[in-house]
Structure formats: C-alpha cells, structure tokens
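Novice: I'd like to ask you about the structure that follows.
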Amino acid sequence: MKAPTMMKALRKLAAGDRELVLADVPAPHARPGWVVLDVGYAGICGTDLHIVHDQFPSWPPVTLGHEFTGTIRELGDGVEGWAAGDRVVCEPHSLACATCHLCRRGLAHLCAQKRSPGWGIDGGFAEQVSVPAHLLHAVPEDVDDLAAGLAEPLAIVVTAFERMPVQPGSTVLVLGPGPIGILTALTATAAGAGRVVLVGRPSSAARLELAAKLGIEVWNSTRCDVAEAAYECTRGRGVDQVVETSGTAGAVAQGLGSLRRQGRMCVLGVSGEPQIPVPWALAMNRAVDVAFSLSSSWSSWDAALALLARGAADPRPLATVFALSDWEQAFAATRSREVVKALLRPTPPPPDPRNPQR
C-alpha cells in the first residue's frame with residue numbers, strides 16, 4: 001500500500017490559542033526504533049479539554065490525542081518483533097529519558113522528561129501517528145478495535161489497583177461515575193471485591209443509569225448521606241477501600257467519612273484547584289492509608305488487555321463514536337457530559353463483507 005503524503009490531523013497551533021484546527025499535514029515517517037500506525041479509534045480525555053485552554057502543558061503546534069489504537073503501517077529501522085498489519089495500543093510515555101531515578105525504577109510513566117503523544121509530540125487525533133516501538137502492546141485477537149480504543153483509561157485504573165490492590169471479598173466505594181469511575185467499578189469487581197458501589201450526583205443520572213445496566217450497584221449522593229449509608233451497609237464498620245475519581249473536595253470528604261479504621265483510599269481524580277480542604281482530623285482518627293495514582297505503568301497495559309480479552313471488563317457501552325471531521329460535536333458532547341466517552345474515528349471503517357450496503 002502506497003503511503004499517503006498528506007493526512008488530516010486535529011491540531012492546537014499555538015499557546016494561548018483556544019481553538020483547534022483540522023488541518024492537512026504531512027503524513028509521518030517511521031524513524032529508527034519507531035513505527036507509524038493507521039489510527040483506528042482515539043478517545044477524547046479531560047486532559048484534551050485542558051490542553052485546548054492551556055490548563056495542561058503542551059508544546060504546540062501539536063496534534064492532540066493520547067488514547068488510541070491502530071494498525072502498524074510502517075516500521076522504522078531496527079524495529080523487531082512487529083509486522084505491518086499488527087493491531088496495537090501504545091503507552092503514552094514517549095521520550096522518557098531512561099536515565100533518571102524514576103525510569104531506572106521502572107516508573108517511566110512518571111518521568112519528568114517524557115513528552116507524550118497529544119501534548120508533547122503529535123498524537124492520535126489524526127489518520128496516522130508515529131510512536132516508539134518499545135511502547136507498543138499487541139491487541140489480542142478476541143478484543144475488537146473499539147474495546148482496544150479504551151485500553152488507555154482501563155490501564156489508568158489498573159495502575160491504581162497496582163498501587164492499592166483490591167482485597168478479595170472487600171467492600172469498595174467508587175466516587176464519580178465518569179469513564180474512569182465506571183471502569184474502576186468494573187475492574188474492582190473483576191479483581192475480587194465482594195461489593196462495589198459507584199456514587200454520583202443527580203447531574204450524572206444518565207451515567208449512573210448506564211452503570212446500573214452494566215450490573216454495578218449505584219448510589220445517588222443527594223438521596224442518601226454517603227458516609228452514613230456506607231456504615232449502614234457494612235454493619236457499622238465502614239468500607240474497606242475508596243477510589244476517588246472526581247477530584248472534588250466533597251467527594252474526598254465523603255470517601256474519608258465512609259472508610260473503616262485503617263481503611264484505604266486511592267485517589268485518581270484530578271482537581272482543577274491547586275488546593276482542596278481535607279477533613280484531616282477524621283483521616284487521622286481513622287488511621288487511613290491514602291495513595292495517589294498517576295498515569296499508567298508498563299505492566300498495567302498487558303493486564304488491561306487481558307481483562308478485555310476475557311470479558312472481565314467491557315468498556316464498549318461507554319463509547320460514542322464520531323468521525324474525525326465531526327470533532328467539534330465530539331468535544332462539545334464531552335464538555336456537556338452528553339456522552340460518557342467520545343472516540344474519534346479518523347478513517348472510515350472497512351467494508352463489512354456481510355453487509356455490502358454499508
């Protein structure tokens with residue numbers, strides 16, 4: 001297949017520019033050690049919204065998109081173990097230095113030098129993207145492209161449970177019914193929790209309804225005192241583990257108030273505020289353990305793909321797909337929370353031989 005010379009890409013052109021542009025740009029070529037992917041699906045993340053408004057570091061001009069799956073089109077010199085046509089996902093840790101104390105501890109995802117696709121280098125909101133081959137993971141045959149397109153947020157969740165594992169039979173309270181919250185609830189169940197509850201506000205009613213259809217127990221936080229309900233359902237003990245995915249002060253307080261003594265809280269939610277109040281005395285009195293989890297570890301990607309392969313967590317009901325040309329509608333739906341998770345499809349799907357009319 002002849003490689004195209006130009007392609008469509010959704011780009012932020014300059015710092016301070018709060019608009020994106022769907023532009024014609026040169027198609028990438030594979031440098032040594034890198035590959036070029038034909039992008040299948042690319043998910044819109046809250047980080048993408050922050051990049052548009054200069055609320056997250058970026059190096060424009062840059063093509064957005066750090067959550068994507070694709071098929072290898074071209075291999076650079078020195079790339080071994082991969083072939084054109086392989087379906088893959090990619091860790092977003094490009095240009096990690098490999099020499100700092102974090103990289104040498106196996107924590108390249110926390111390297112201060114990394115420049116991930118979508119903000120540090122060109123990302124996946126394009127027909128093609130170039131990425132380092134050592135960050136690739138093969139998509140299992142029984143995982144379709146749509147599910148693979150959601151592997152990155154699932155890897156984020158798995159990393160959190162690497163930081164703070166689910167104890168078999170434990171009670172887990174998940175705060176915030178966004179994509180990460182719903183995936184957290186599904187993963188906690190798959191990891192052996194005895195009871196998992198997802199908590200959200202009335203503004204998230206549609207998301208709570210979707211979660212309930214997926215078999216998740218849900219609580220509306222305005223219809224009950226969350227901490228009181230947590231103690232009631234555990235016969236006065238408190239829940240074993242809280243995962244906070246909303247980044248709000250109210251949810252942090254609810255979570256700490258719901259924990260048993262020596263209970264555990266893992267924080268995944270990113271707050272838009274530099275500081276939020278914390279009920280410090282309550283946390284101290286209950287001797288709670290708190291861990292913060294950021295980004296995705298190397299090991300979390302294979303674990304996420306394994307969960308997808310055996311159907312232990314199916315993220316596809318969360319997805320609404322938009323053509324890349326409809327990116328404005330997709331971003332608007334994400335901002336307004338009309339969809340749980342918007343994915344862009346840069347190229348039309350291949351013809352379905354079972355339905356020639358499509």
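Each reported figure results from applying straightforward, stated rules to the coordinates on display, with no laboratory input. Note that the structure is predicted; figures quoted are calculated from it, not measured. Cβ sites come from the backbone with ideal geometry, for glycine too, and all protein chains shown count toward neighbours.
Novice: Quick query: amide H of M265 versus all other amide H atoms, modeled in the peptide plane; which residues come in under 5 Å with a sequence gap of 5 or more or a different chain?
Specialist: Those lying under 5 Å, H to H, from M265 are V242, D289, V290, A291.
Novice: Looking at the range 17-96 from every direction and averaging, what is the projected area of its Cα convex hull in nm²?
Specialist: Convex hull of Cα atoms, orientation-averaged projection: 6.1 nm².
Novice: Now, a different point. Among K341, K213, rank each residue by its count of other Cβ atoms within 10 Å, from fewest to most, as a rough exposure measure. Please list the in-between numbers first.
Specialist: Details: K341 24, K213 9.
Going from sparsest to densest Cβ surroundings: K213, K341.
Novice: From the backbone phi of the range 96-103, what are the Karplus-calculated ³J(HN,Hα) couplings (6.51 cos²θ - 1.76 cosθ + 1.60, θ = phi - 60°) in whole Hz, Gly and Pro given as x?
Specialist: 4, 6, 6, 10, 6, 5, 6, 4
Novice: Follow-up question, since we're still on this one. Taking one equal scatterer on every alpha-carbon of the chain, how large is log10 of I(q)/I(0) by Debye at q = 0.07, 0.12, 0.14 1/Å?
Specialist: Results for the chain at q = 0.07, 0.12, 0.14 Å⁻¹ read -0.31, -0.89, -1.18.
Novice: Can you sort R73, R195, R105 from fewest to most other Cβ atoms within 10 Å of each residue's own Cβ?
Specialist: Ascending Cβ contact count within 10 Å gives the list R105, R195, R73.
Novice: Apply the a/c threshold of 1.5 to the C-alpha gyration tensor of the range 165-292 and tell me whether it is rounded, prolate or oblate.
Specialist: Here the range 165-292 falls in the rounded category.
Novice: Once you place label points 7 Å from the Cα toward the Cβ at F292 and A14, how far apart are they in nm?
Specialist: 3.4 nm
Novice: Please list, in chain and number order, the residues 5+ apart from K341 or on another chain whose amide H is under 5 Å from its amide H, with Hs placed from the backbone.
Specialist: T320
Novice: Taking the number of other C-beta atoms within 10 Å as the exposure measure, put S116, S336 in order starting with the fewest.
Specialist: Details: S116 22, S336 8.
The fewest-first ordering by Cβ neighbours comes to S336, S116.
Novice: Given H placed on each backbone N at 1.01 Å, which residues far from A323 in sequence or on other chains put an amide H within less than 5 Å of it?
Specialist: The list, which skips near neighbours in sequence, is R345.
Novice: Right, here's the next one. Build a GNM of the chain with springs between Cα atoms under 10 Å: which of P117, P153, P26 gets the top mean-square fluctuation?
Specialist: For the chain, modelled as a Gaussian network with Cα springs under 10 Å, the answer is P26.
Novice: List every DSSP H helix in the chain whose Cα atoms extend 30 Å or more along the helix's own long axis and whose mean Kyte-Doolittle hydropathy is at least 0.0. Provide the component values of the computation, followed by the final result.
Specialist: Working: long enough: none.
Span-like helices in the chain: none at all.
Novice: How big, in percent, is the set of alpha carbon pairs in the range 13-162 lying more than 28 Å apart? Don't skip to the answer; put the middle values down first.
Specialist: Details: 1842 of 11175 pairs.
Beyond 28 Å sits 16 percent of the P(r) for the range 13-162.
Novice: List the chymotrypsin sites (Phe, Trp or Tyr not before Pro) in the range 1-97 that DSSP assigns to loop (not H, G, I, E or B) and whose Cβ has at most 14 other Cβ atoms within 10 Å. Which are they?
Specialist: Qualifying residues, ordered by number: W82.
Novice: Could you give me the ³J(HN,Hα) list for the range 120-132, computed from phi with Karplus coefficients 6.51, -1.76, 1.60 and θ = phi - 60°, whole Hz, x at Gly and Pro?
Specialist: So the J values, rounded to whole Hz, are x, 9, 4, x, x, 7, 7, 5, 9, 8, 10, 9, x.
Novice: Just to be sure I understand: of the beta bridges DSSP finds with both ends in the chain, what percent are antiparallel, rounded to 5?
Specialist: Taking every DSSP beta bridge within the chain, about 50 percent pair in antiparallel fashion.
Novice: A follow-up question, please. Relative contact order of the chain, please, whole-number percent, based on alpha carbon pairs below 8 angstrom and at least 6 residues apart.
Specialist: RCO, the chain: 16 percent.
Novice: While we're here: At Q113 and C224, where each label point lies 7 Å from the Cα along Cα→Cβ, what is the point-to-point distance in nanometres?
Specialist: Here the answer is 5.0 nm between the modelled labels.
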